[in-house]
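Below is one structure, written out as structure tokens; comments come after it.
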Amino acid sequence: MHSDKFPTMRSLLYVPATSERMILKALETKADGLIIDLEDSVAPEQKLAARETLVRLLRNLDFGDKEVFVRINGIATEWGLDDARAATASGAPGIVIPKMESPHQVTDITPVLHNRDWVTGGIHHSRVMCLIETPRGVLAAREIAEAHESIVGLIFGSADLSRSIGCMPGEDEEELFFARSQVLLSARAAGVAAYDSPHFVIQDLDGLRRRSQAIKRLGYDGRTLIHPSHIDIVNEIFTPGEEQISEARRVVEAVEAALNEGRGVALLDGRMIDQVHLAAARKLLEHAGENNRMIEGSRI
């Protein structure tokens with residue numbers, strides 16, 4: 001469990017590294033994080049120019065409170081390792097590695113993902129998220145998620161996975177349920193976050209809402225996006241509502257009262273709740289940005 005100190009994000013917006021204008025515009029959005037892309041959105045003949053733009057912006061641009069990741073090209077490509085070196089040397093806080101298929105790929109690249117703070121002399125490792133989008137990647141997802149302490153999340157890649165297995169997903173992507181669940185379970189087993197694919201039909205906001213609600217019910221922390229118009233809906237759905245927050249507070253209060261009386265379980269509205277429910281309630285409150293004394297002073 002190695003991502004406990006890294007904040008969970010609701011929305012991660014992909015932005016092509018070729019467009020400084022789009023990156024600057026993305027900074028003004030309400031996306032929790034940005035993924036500056038050197039891979040799919042960049043044509044082969046533009047790869048080196050995109051990397052140069054990325055390096056310049058990482059060194060000179062203030063990203064404020066946005067979480068920032070760089071999606072490098074695949075490790076097996078001619079650009080991947082140099083992308084990682086350039087991004088990390090320029091201070092990229094995070095790296096997204098596409099088409100991950102084995103834990104060995106993680107351990108091969110992690111020595112590259114650090115930069116020295118010349119003021120303090122310390123070494124800072126870039127955080128890593130692994131994009132799971134191939135059959136091998138899905139089947140090895142847990143081992144990948146546990147391969148290194150720098151990994152903070154897995155991202156499910158539905159489009160590339162569908163192509164690689166010959167799948168033609170329907171409107172609700174029921175055909176991908178096993179793979180999507182496998183990636184989520186692997187992330188949870190490793191104690192890292194799980195983010196789902198973008199909704200690729202830009203103007204289908206009803207479909208975006210429906211699919212995002214289903215993804216949240218399944219257990220995902222948030223999802224990646226390819227268009228700013230999707231941010232508000234995704235943030236709304238993955239933000240706990242007042243009713244959920246109120247219920248979580250009641251669970252914390254009831255279980256902690258029981259613990260103070262020497263009991264491991266409590267009765268709340270006629271149902272039994274215990275420390276499993278307490279942990280889930282705490283996670284929801286933390287995700288909602290709650291700074292509640294009863295969490296900090298808990299016995300568990």
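General remarks:
- Kirkwood hydrodynamic radius over Cα pairs of the chain, then Stokes diffusion coefficient at 10 °C and 1.306 mPa s, in µm²/s: 78 µm²/s
- Per-residue ³J(HN,Hα) for region 239-249, Karplus 6.51 cos²θ - 1.76 cosθ + 1.60, θ = phi - 60°, Hz, x for Gly and Pro: 9, x, x, 4, 5, 5, 5, 4, 5, 5, 4
- Inter-label distance for D108 and D172, nm, one decimal - labels placed 7 Å from Cα along Cα-to-Cβ: 4.0 nm
- Cα-based Lys pair tally, the chain, threshold under 25 Å, eight or more apart or on separate chains: 16
- Between region 55-93 and region 19-38, the Cα center-to-center distance that results, in Å: 13 Å
- Inter-label distance for V201 and D274, nm, one decimal - labels placed 7 Å from Cα along Cα-to-Cβ: 4.4 nm
- Amide hydrogen proximity for R71: with H placed 1.01 Å from N in the peptide plane, the residues at 5 or more positions away or on another chain lying under 5 Å are I36, D37, L38, V96.
- Listed values for region 169-178 are Karplus-derived 3J(HN,Hα) couplings in whole Hz (6.51 cos²θ - 1.76 cosθ + 1.60, θ = phi - 60°), namely x, x, 4, 9, 6, 4, 5, 9, 4, 4, and x replaces Gly and Pro.
- The stretch between S229 and S181 holds 14.6 nm of extra length on full extension. This uses 0.36 nm per residue minus the Cα-Cα distance.
- Segment Q213..E45, full-extension length gain: 56.6 nm, with 0.36 nm per residue of separation and the alpha-carbon distance subtracted.
- Long-range amide H partners of L225 with built H, under 5 Å: L12, L13, Y14
- Relative exposure of V192, V70, judged by other C-beta atoms within 10 Å (fewest first): V192, V70
- Label zone at A159, where the point sits 7 Å out along the Cα-to-Cβ direction: region 19-53 residues whose backbone N lies under 11 Å: 40-42
- Loop trypsin sites (Lys or Arg not before Pro), region 197-226 (other Cβ atoms within 10 Å of the site Cβ: 11 or fewer; DSSP): none
- Under 5 Å, built H, 5+ apart or other chain: amide partners of R127: G94, I95
Each value in this text was obtained by applying a stated rule to the coordinates, not by laboratory testing. Fair warning: this is a prediction, and the values are worked out from it, not measured in the lab. Ideal geometry is used to build each Cβ from the backbone, glycine not excepted, and the neighbour counts take in all protein chains shown.
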